[in-house]
């Protein structure tokens, strides 16, 4: 386990990383994604609810074939402009994830989702992965209501809910708790078997 902990956290243990890990409201890709990218299979990636596209840009710069989707046309436009300036290709679509949008079954090697929870999308995320594909998911838990937004329980995971959602996958990493920056999150990397 020590070798995996070093790979994930650049020489510190997972417990130490979670105590000093601060990435919310900072520019760039999510630290959890940066710390674990070496575990991901190269190939086609879908960034669900990609927001400002920082995670998509990070992966595209590493050679992943990245697609993203977000409801905000401004976010998609900003992401595509940043990709152009960085000299990488990203395909990004404006779509309402709660509407008619569907993830194509068996199309992706990796699906990522950060700071967004729509429980009805979980079956599509699972079906959208190829066998051996990986999900990387990080979002808020019910403790987040103590610290700020979101507060609506519809957008907050219950204890162990994220882990339970991917019970039929091989879990490579799971953590749930409160980060030093007063963000309550759950995070998982799991492989479709």
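All of the numbers you see were taken from the coordinates with simple rules; none came from a lab. All of these numbers come straight from a predicted model, not from anything done at the bench.
Some observations on this one:
- For segment 2-191, share of DSSP beta bridges that run antiparallel, in % to the nearest 5: 40 percent
- Stretching residue 174 away from residue 74 to a fully extended chain increases their span by 32.8 nm, per 0.36 nm per residue minus the current alpha-carbon distance.
- Gyration tensor verdict on segment 78-139 (Cα atoms; rounded if a/c is under 1.5, prolate if a/b is larger than b/c, oblate otherwise): prolate
- For segment 117-191, the square roots a ≥ b ≥ c of the C-alpha gyration tensor eigenvalues yield an a/c of 1.5 or more together with a/b exceeding b/c, which makes the shape prolate.
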